[in-house]
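Where a number appears in this text, it was derived from the coordinates with a stated rule and is not lab data. This is a predicted model, so every value here is computed, not measured. Cβ coordinates were reconstructed from backbone atoms using ideal geometry, including for glycine residues, and neighbour counts include every protein chain displayed.
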Amino acid sequence: MIVYLFILLAVLAVGSALAMVINKNVVNSALFLVLNMVSLAGIFLILNAQFLAVIQVLVYAGAIMVLFLFVIMLLNVGDEEKLFDKFRVKYFLAFFLAVGVMGQIFYSLAGVTDMLPAISENMAAIGTVEAAGDVLYTKYLLPFELTAILLTAAVVGALMIAQHKIKRTENI
Amino acid sequence: MVGIDWFLGLSAIMFTIGIIGVLIRRNAIVIFMCVELMLNAVNLSLVSFASHHGNIDGQILVFFALAVAAAEAVVGLAIIIAIFRNNLSVDVSKINLLRW
């Protein structure tokens, strides 16, 4: 049962990732990325990481992708019409480069595949919100507070960059 | 039960799709989304290792990676908006201020 669920979610994730890359419409790409993230949250549930599955849906599919869609619709970006209408050497080069990277990862995985651990039995009690919060507020308290500073700095920096008035009359 | 190598293989495939997207697309927003896809692939690899070791530290690292990804998305989209206001395009082949 778990195996079939994993195959379904994996095919969904890979298919939506591919559809995101080859889609000409930017809004459709963003929605396919949302689908990819939701199926990835399901895979996190298979791995007994309940807290991260919820966070993935809330933060990625909820917050970040809404921000992306907001910017896409704010800028009114048109379709990328001439994406695949003519043959380019660049596409082949990119494909072979990426396949080279994937082959390298798979080669290094194949070397250690008999040493990889089996899934731990006490995992059902580890991925919960309670366990994550317990570690987060004791052992990782300082990085957690630094994350707050980082987010504040990001918000202030984004406001500074996006509000900056460009003086166009200067060099005319 | 699904073995760990399947999760790592899925992570590698998604990372590769992200690389292809970054290399062939020319819309800056789509390139940015492909980078998010690559971040997600690495997150999956971290979570699978954490689950199979029975240790929560990897999941905490994924949590911090999520926070950093959120900050990065905010700043990156602000930069894209600033570029768009400057020359009315998000096509990276038309942005050539730093190109010689």
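Quick look at the numbers
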item: Tail weight of P(r) past 21 Å, computed on alpha-carbon pairs of chain B, percent; result: 47
item: Farthest toward positive dipole pole in the protein assembly as shown [+1 Lys/Arg, -1 Asp/Glu at C-beta], among B:THR16, A:TYR140, A:LEU8; result: B:THR16
item: Residue with peak Gaussian network fluctuation, chain A [Cα springs, cutoff 10 Å], from A:VAL99, A:VAL38, A:VAL54; result: A:VAL99
item: Phi to ³J(HN,Hα) by Karplus 6.51 cos²θ - 1.76 cosθ + 1.60 over the stretch A:99-114, Hz, x for Gly, Pro; result: 5, x, 4, 5, x, 5, 4, 5, 5, 5, 5, 5, x, 10, 5, 8
item: Top of A:SER39, A:SER29, A:SER108 by mean-square fluctuation, Gaussian network on chain A, Cα under 10 Å; result: A:SER108
item: Under the Karplus curve 6.51 cos²θ - 1.76 cosθ + 1.60, θ = phi - 60°, whole-Hz ³J(HN,Hα) for the stretch A:133-145, x wherever Gly or Pro sits; result: x, 4, 6, 5, 9, 10, 6, 10, 5, 5, x, 5, 5
item: Label-to-label distance, nm, for residues given as A:LEU142 and A:MET1 (7 Å Cα→Cβ offset); result: 4.6
item: Built amide H within the under 5 Å cut-off of B:GLY54, gap 5+; result: A:SER120
item: Proximal lysine pairs, the protein assembly as shown, alpha carbons under 29 Å, eight or more residues apart or interchain; result: 10
item: Whole-number percent relative contact order across chain A, with pairs defined as alpha carbons under 8 Å at least 6 apart; result: 20
item: Most mobile of A:LEU58, A:LEU33, A:LEU109 in a GNM of chain A (Cα contacts under 10 Å); result: A:LEU109
item: Among B:SER93, A:PHE70, B:ALA67 - extreme Cα towards positive end, dipole of the protein assembly as shown, charges at beta-carbon; result: B:SER93
item: Normalised contact order of chain B, rounded percent, pairs of Cα under 8 Å and 6 or more residues apart; result: 28
item: Sequence-separation-based contact order of the stretch A:1-78, relative, with Cα cut under 8 Å and 6+ spacing, percent; result: 30
